[in-house]
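A short write-up of the structure that comes next.
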Amino acid sequence: MTNTLNGTVALVTGASSGIGAATARALAARGASVALVARRKDRLDELAADIRADGGTALAIEADITDPAQARSAVEQAVASLGRLDTLVNNAGVMLLGPIEDAPVEEWDRMVAINVQGLLYTTHAALPHLLAAASAGPRDSADVVNVSSVAGRVARSGWGVYNLTKHGVGAFSESLRQEVAGRHVRVTLIEPGAVATELASHIRPEIRAAAQRAFSDLELLTAEDVAETIAFAVTRPARVVINEILLRPDTAA
């Protein structure tokens, strides 16, 4: 495989499992040094060891990005240890579905904190480094990749606050794109449909069963499918800006 990200550094949030872990592997395979950010340090250490065993460079950073100080520290640790920052993948997220009526509002707080505030804090901390890399880097560009969802396009009953967070990610991504486009920082919104990850395991059991039935006739996307899509977007020549990719399982509504 051609190492099209040689000399660059990527930071991936939510890297301890699923799409985040798969994305870290995909970017490392293409030559990027990868900072792995999540709360589960044991999983990060295991992933970092695997990447190193395959000849890559990886740094495990334990952080809760819903805390602005920890998000900022994670970015600074990555830059201090790996030398720069060219790619930010905002992947950390949680999906807690259920009716708005009588909902446990702590679930709402958790989704807003991780899906929105964590993404904002990490982007804010990373942006100066991304702008610097875009103006003096091996690729003449830098990338912000925000992992959203089909739920950022289509609202469904029982998905209200999750829909709200993912629509917000889309709006923020477009505004950021307009702000930094002239300075060679590319902003890409990735909107997967149903993916076979542990995301659904966080849903309350009675809600989870209904969600699983809704997708029971589909062959779900894999984390690797989404990771390869992200890798495709960030390895385009500097002249190519991919603003948005929607990917769904075959026959998905």
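The values are calculated or read from the model by the stated rules, or taken from the named source; none is laboratory data. All values derive from a computational prediction rather than experimental measurement. Here the Cβ positions follow ideal geometry from the backbone for every residue, glycine too, while neighbour counts run over all protein chains shown.
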Q.
Quick check on this structure: which one of Gly98, Gly93, Gly118 is at pLDDT below 95 and crowded, with 20+ Cβ neighbours inside 10 Å?
A. Gly98
Q. So how many residues does the stretch 18-55 have that are in contact (Cβ under 8 Å) with a residue 40 or more places away in the chain, out of contact with any strand residue (DSSP E or B) (no Cβ under 8 Å at 6 or more places or on another chain) and in a loop (DSSP other than H, G, I, E, B)?
A. 1
Q. Only one of (1) assigned to a helix (DSSP H, G or I); (2) over 22 Å from Ile190 (Cα atoms) fails for Leu59. Which number is that?
A. (1)
**Q.** Wholly enclosed helices (runs of 4 or more DSSP H) of the stretch 105-180 bearing at least 1 residues under 25 Å from Glu76 (Cβ atoms), touching a residue at least 40 places away in the same chain (Cβ under 8 Å) and hydrophobic (A, V, I, L, M, F, W, C)
**A.** 119-135, 160-180
Q) From the set of residues in the stretch 186-207 that are under 14 Å from the mean Cα position of the chain (by Cα) and polar (S, T, N, Q), which is surrounded by the fewest Cβ atoms within 10 Å (Cβ to Cβ)? A) Thr197
